[in-house]
Amino acid sequence: MKMVIAIVNDSDADSLQRNLNKARFQTTKLSSSGGFLREGNTTFLIGTEAKYLDELIEVLKENCEHRDKTVPSMSPVANTLEDHYSFPMHVEVGGATVFVIDVEQFYKI
Ligand code: 2BA
């Protein structure tokens, strides 16, 4: 069994959850925020049998868009990072940041 941790843009979270459910993946959705931009994002925990992993990755690819973000020079994020970066700064966020972990044991008690 695998545990997939997927960090996605808030704007993609609802349609992703709908399509994961439609494909019969069980999910837990957590509110999270990125350490760099300090904006809200959404983290999905998805436990699945290893044989369904490719299908799951496809659903993530289909539902998570890449987005360009600009960190303006007046942003609080910029103010805390200005020693190391020049602003305004462009970063590409997502589609999804995905970690796949082997599950040693799984219980529903
Ligand atoms: P944030 O930490 O807010 O990062 C947003 C985007 O800013 C990142 O997009 C990346 O393009 C850029 N970025 C992050 N750290 C940077 C740095 N030190 N210097 C320059 N640019 C930087 P993504 O890579 O697509 O990440 C989207 C979100 O996924 C992240 O939001 C974070 O919440 C999560 N994430 C990404 N990699 C991670 C990792 N290795 N471990 C834990 N969470 C991660």
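Considering only residues in the stretch 43-86 that are modelled with pLDDT under 85 and aliphatic (A, V, I, L, M), the one that is farthest from the chain's Cα centre (by Cα) turns out to be Met74.
Taken together, Thr48, Thr27, Thr42 contain a single residue that is within 12 Å of the ligand (Cβ to nearest atom) and polar (S, T, N, Q), which is Thr42.
All conditions but one from (1) in contact with a strand residue (DSSP E or B) (Cβ under 9 Å, 6 or more places away or on another chain); (2) of a type in the set (D, E, K, R); (3) more than 14 Å from Asn9 (Cβ to Cβ) apply to Glu58; the one that does not is (1). Counting only helices (runs of 4 or more DSSP H) that sit wholly inside the stretch 8-109, those with at least 1 residues that are polar (S, T, N, Q) and surrounded by 12 or more Cβ atoms within 10 Å (Cβ to Cβ) are 10-22, 53-63. Beta carbons closer than 9 Å, at least 6 apart along the sequence or on distinct chains, pair a first residue in the stretch 85-108 that is at positive phi with a second that is within 13 Å of the ligand (Cβ to nearest atom) and open to solvent by 70 Å² or more (accessible area, probe 1.4 Å) for Gly94/Glu65; Gly94/His66.
Test Lys69 against the stated conditions and say whether it is within 24 Å of Met1 (Cα to Cα) and free of Cβ contacts under 8 Å to residues at least 40 places away in the same chain. So Lys69 does not fit the description; no.
The values are calculated or read from the model by the stated rules, or taken from the named source; none is laboratory data. The structure displayed is predicted, hence computed values, not measured ones. Positions of Cβ are generated from backbone atoms using ideal geometry, with glycine treated the same way; all protein chains shown enter the neighbour counts. SASA here: full protein model, heavy atoms, side chains in, ligands and nucleic acids out. Shrake-Rupley method; radii C 1.70, N 1.55, O 1.52, S 1.80 Å.
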